Amino acid sequence: QVQLVESGGGLVQAGGSLRLSCAASGRTFSSYVMGWFRQAPGKEREFVAAVRWSAGYTSYADSVKGRFTISRDNAKNMVYLQMNSLKPEDTAVYFCAARSVPILSREERSYADWGQGTQVTVSS
């Protein structure tokens, strides 16, 4: 069974940076797509970024393009989300998710496995 554990969240001032990490275990992830989603208070969960584990292809939400970078470390089974130029509207709980089909997707329902989330708070 896939297990995903996020870390790296915290409180940061606007314009600052954070790097989120997701430790993945329980499967061979070479054919997986890994995604980051976020959910702000009172809002639905939304797509942030995704990476195809084997080839490294990526996809980003327009709201984070140019500021966030998703990457993976195959040897460590880790997925990262480097977040720069953070804005107060980036405040949310950030979730790591795994999809066993090797096609990038922005659809929450296409990801079967989820972590517990890590809180990111950006102060103005």
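Counting just the residues of region 58-86 that are at pLDDT below 95 and part of a loop (DSSP other than H, G, I, E, B), which one comes out surrounded by the most Cβ atoms within 10 Å (Cβ to Cβ)?
It comes out as Asn77.
If you go through region 33-45 one residue at a time, do you hit one that is touching a helix residue (DSSP H, G or I) at 6+ places or on another chain (Cβ under 9 Å), at pLDDT 95 or above, of a type in the set (D, E, K, R) and under 15 Å from Asp113 (Cβ atoms)?
Our first condition is that a residue be touching a helix residue (DSSP H, G or I) at 6+ places or on another chain (Cβ under 9 Å); within region 33-45, this holds for 33, 35, 37-38, 40, 44-45.
Next, only the ones that are at pLDDT 95 or above stay: 33, 35, 37-38, 40, 44-45.
Filter once more, so that each one left must be of a type in the set (D, E, K, R): 38, 44-45.
Remaining after also requiring under 15 Å from Asp113 (Cβ atoms): 45.
Yes, the conditions are met somewhere in region 33-45.
Considering only residues that are assigned to a strand (DSSP E or B), open to solvent by 20 Å² or more (accessible area, probe 1.4 Å) and either out of contact with any strand residue (DSSP E or B) (no Cβ under 7 Å at 6 or more places or on another chain) or farther than 22 Å from Pro102 by Cβ (or both), which ones fall in region 13-57?
Once the filter is applied, which keeps residues that are assigned to a strand (DSSP E or B), open to solvent by 20 Å² or more (accessible area, probe 1.4 Å) and either out of contact with any strand residue (DSSP E or B) (no Cβ under 7 Å at 6 or more places or on another chain) or farther than 22 Å from Pro102 by Cβ (or both), region 13-57 yields Gln13, Leu18, Arg19, Gln39, Glu46.
So how many residues does region 73-124 have that are within 14 Å of the chain's Cα centre (by Cα), farther than 15 Å from Met34 by Cβ and of a type in the set (A, V, I, L, M)?
4
The values are calculated or read from the model by the stated rules, or taken from the named source; none is laboratory data. What you see is a predicted model; the values in this text were computed from it and never measured. Please note: Cβ atoms are built from the backbone with ideal geometry, for glycine as well, and neighbour counts cover all protein chains shown. Heavy atoms of the whole protein, side chains included, go into the accessibility calculation; ligands, DNA and RNA do not. Shrake-Rupley method; radii C 1.70, N 1.55, O 1.52, S 1.80 Å.
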